[in-house]
Amino acid sequence: MFTNRFKEGYCAALHPKPVWPMQMHRINAIYGTMARAIRKASDGDKESLKRQLLASAHDFGASCRQITKCQPEFDEWFGRQAEALQHVPFRWHDRRDDERSHITFGLTQKFLNLALKDWWCMSAEAEELDTSVLHAPFDRRMRDRLWALTRFYLPSLRQGGCYVYLSCDDYAGYQQHLLSAELRDVLKITQAMTRIETEQMIWGS
């Protein structure tokens, strides 16, 4: 089925498996990957957030040929969807028990990028289109692996965890680092690879 070993590895590691078009049971699983960082959220707020994420995935599926035409086109779409998710009222407490009224950017990028990773893995259109424009998700595992590999450090995380304190500027720096010559040399990458492929290579190692 898979012609890409990174997609095969991603699919094999997940339960439930990636799907496309996106379905609510996968949205539930994507939310579940961050559930430990989100405390005291109501069921109603969770459902509202999940419905918005599902809408973002469906919007991408309907317009992916246009969205993936170039990096600025994708980045603009990603920014709009991130803003829409962060505008959903969502009352919760972080691990320090600080009360918050909306999700943070760190959570937003993980939600969106995992949803799009299902498209990358399972959509026939992803075999035709330029997936190099996609972003890779950032989490604590990637932070720790990149520090061990290249001493890559994000200043915004001095404040605390990546889901709460990751800044947009540091997120952009992370996306750039995944394509850097330094990281390619350390990983001994000799062929063209996208950010998601590099992230999957590191995350799955």
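Overview of results
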| read-out | value |
| --- | --- |
| Length added when fully stretched, Gln66-Met34, from 0.36 nm per residue minus Cα-Cα | 8.5 nm |
| Length-normalised contact order of the range 5-203 in % [C-alpha pairs under 8 Å, at least 6 apart] | 23 |
| Length added when fully stretched, Cys168-Asp75, from 0.36 nm per residue minus Cα-Cα | 32.3 nm |
| For the chain, fraction of C-alpha pairs farther apart than 21 Å, in % | 53 |
| Sorted by Cβ density within 10 Å, fewest first, the residues Asp43, Asp75 | Asp43, Asp75 |
| Likely footprinting exposure, Ser132, Ser42, fewest C-beta neighbours within 10 Å first | Ser42, Ser132 |
| Order of Arg145, Arg140, Arg195 - criterion: other Cβ atoms within 10 Å of each residue's Cβ, fewest first | Arg140, Arg145, Arg195 |
| Gain upon complete extension [Asn4, Arg100; 0.36 nm per residue less C-alpha separation] | 30.5 nm |
| Set of lysines with alpha-carbon distance to Lys69 below 26 Å, sequence-local pairs under 8 removed | Lys7, Lys110, Lys117 |
| Calculated FRET efficiency for the pair His15/Gln176, C-beta based, R₀ 30 Å, to 0.05 | 0.40 |
| The range 87-205: relative contact order in percent, alpha carbon pairs under 8 Å with at least 6 residues between | 28 |
| Where a label projected 7 Å from the Cα of Arg51 along Cα→Cβ would reach, residues of the range 69-88 with amide N under 14 Å | 88 |
| Top positive-direction residue, dipole computed over the range 5-203 with Cβ charges, set Tyr163, Ser180, Leu134 | Tyr163 |
| Exposed chymotrypsin sites (Phe, Trp or Tyr not before Pro) absent - longest run of the chain, DSSP non-H/G/I/E/B, at most 16 other C-beta within 10 Å | 3-152 |
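None of the figures in this text is laboratory data; all of them are computed from the coordinates on show. The structure presented is a predicted model; accordingly, all values stated were derived computationally and were not measured. Glycine gets a Cβ as well: all are built from the backbone with ideal geometry, and neighbour counts include every protein chain shown.
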